[in-house]
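> Right, I'll just put the structure down here and ask away after.
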Amino acid sequence: ETISIDRTAPFNPAEFIGTGWSIWKGPAAGAGLEGEEDQDARSLALTTLDVTHLRLETALRGEETSIFGEEKLKRLNAMTGIIRHDAGIFQTFWRNQHLIPERSKAPTNDNTTYIFCDGTVLRSPDGNRSVLYFCWFGDSRRWHWNYYGLAHHFNAFNPSAVSPQVSPQN
């Protein structure tokens, strides 16, 4: 099933989350206020998404049970052939929750699965790096969203939504 991603207006963190939120700019070690936006450009170029190819990736290796968010981002960036879903894709799913694949509701290891769209790194009002996620709370029978700091641990039930990078047809 292919869905359309509305790219007519860029994602506005201050409008969606609240005053003081922005897209992180520049290197992770900086203040997040100057430089190139920390977004997966390949994701920003997507105007359609085949949800049957959506994959959840933890970036955990071997016996690891968790890694810090910054390490997870480094590993995802180093993986060839995947596109990390950005905030525009997150917003499309949030505004059209019926488009979220049913399999996304499934728990991981008996825990709620928190699905991250970390193709856009956000800057919180206090200067921390964060990413958006959504999850299904079965008890309330509805979707929820929030953000989570990259300075924290990410587990098997904190995967990132990714899609395969499709090579252009020759």
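> Determine which lysines satisfy two conditions relative to Lys25: a Cα distance under 30 Å, and not lying fewer than 8 residues away in the same chain.
Lys72, Lys74
> Step through the residues of segment 68-74 one at a time and calculate ³J(HN,Hα) from phi using the Karplus curve (6.51 cos²θ - 1.76 cosθ + 1.60, θ = phi - 60°), rounding each to whole Hz and writing x for Gly and Pro.
Karplus values, whole Hz, x for Gly and Pro: 6, x, 5, 5, 4, 4, 4.
> Related question: Out of residues 5 or more away from Ser22 or on other chains, whose amide H comes under 5 Å of its own, with H placed 1.01 Å from N in the peptide plane?
Arg123
> When the Karplus curve 6.51 cos²θ - 1.76 cosθ + 1.60 is applied with θ = phi - 60°, which whole-Hz ³J(HN,Hα) does each residue of segment 136-148 get, with x for Gly and Pro?
Per-residue couplings from phi come out as 9, 9, x, 5, 8, 6, 7, 7, 10, 9, 5, 10, 9 Hz.
> Follow-up question, since we're still on this one. log10 I(q)/I(0), Debye, Cα-only segment 52-119, no solvent, q = 0.18, 0.25, 0.27 Å⁻¹?
-0.82, -1.36, -1.42
> Over the chain, what relative contact order in percent results from Cα pairs under 8 Å that are six or more residues apart? Before the final figure, lay out the partial values.
Numbers: 311 pairs, mean separation 49.1, N = 170.
Across the chain, relative contact order equals 29 percent.
> Sticking with this one: Hey, any idea what % of segment 55-170's accessible area is carbon plus sulfur with a 1.4 Å probe? Please report the intermediate quantities before stating the final value.
On the way: 2760 of 6000 Å².
Roughly 46 percent, rounded to a whole number.
> So for segment 130-170, Kirkwood radius off the Cα pairs, Stokes-Einstein at 25 °C and 0.890 mPa s: how many µm² s⁻¹? Walk me through the numbers on the way to the answer.
Numbers: Rh = 12.9 Å.
Answer from the Stokes-Einstein relation: 190 µm²/s.
> Could I ask something else about it? When ligands, DNA and RNA are left out and all protein chains stay put, how many square angstrom of accessible area per residue does segment 62-170 have with a 1.4 Å probe? Mind showing how you got there, number by number?
Numbers: 5560 Å² over 109 residues.
I get 51 Å² per residue for segment 62-170.
> Between Thr47 and Ser66, what length in nm is gained on full extension when 0.36 nm per residue of separation is reduced by their alpha carbon distance?
Values: separation 19, 0.36 × 19 = 6.84 nm, distance 3.26 nm.
Value of the extension gain: 3.6 nm.
> Find the Cα radius of gyration of segment 1-60, compare it with 2.2 N^0.38 Å by division, and give the number to two decimals.
Working: Rg = 14.5 Å, N = 60, 2.2 N^0.38 = 10.4 Å.
So segment 1-60 has a normalised radius of gyration of 1.39.
> Report the GluC sites (Glu not before Pro) located in segment 55-122 that are in a DSSP loop and have at most 11 other Cβ atoms inside 10 Å of their Cβ, or state none. It would help to have the intermediate numbers written out before the result.
On the way: sites: Glu57, Glu63, Glu64, Glu70, Glu71, Glu102; in loops: Glu63, Glu64.
Answer in residue order: Glu63.
> In whole Å, what three semi-axes, largest first, describe the equivalent ellipsoid of the chain built from its Cα gyration tensor (square root of 5 times each eigenvalue)?
Working: eigenvalues 93, 78, 65 Å².
Output for the chain: semi-axes of 22, 20, 18 Å.
> Now for a different question. Restrict the search to segment 12-82; then list the trypsin sites (Lys or Arg not before Pro) that DSSP places in a loop and that have at most 14 other Cβ atoms within 10 Å of their Cβ. Write down the numbers at each step before the final one.
Details: sites: Lys25, Arg42, Arg55, Arg61, Lys72, Lys74, Arg75; in loops: Arg61.
For trypsin sites (Lys or Arg not before Pro) across segment 12-82 that sit outside H, G, I, E and B with at most 14 neighbouring Cβ atoms in 10 Å, the list reads Arg61.
> A follow-up question, please. I'd like the per residue volume of the convex hull spanned by the Cα atoms of segment 97-166, given in cubic angstrom.
Taking only Cα atoms, segment 97-166 has a hull volume of 120 Å³ per residue.
The values are calculated or read from the model by the stated rules, or taken from the named source; none is laboratory data. The model shown is predicted, which means the values in this text are computed figures rather than measured ones. Neighbour counts run over all protein chains shown; Cβ positions are idealised from the backbone, glycine included. Side chains are part of the model used for accessible areas, which takes the heavy atoms of the whole protein and leaves out ligands, DNA and RNA. Shrake-Rupley method; radii C 1.70, N 1.55, O 1.52, S 1.80 Å.
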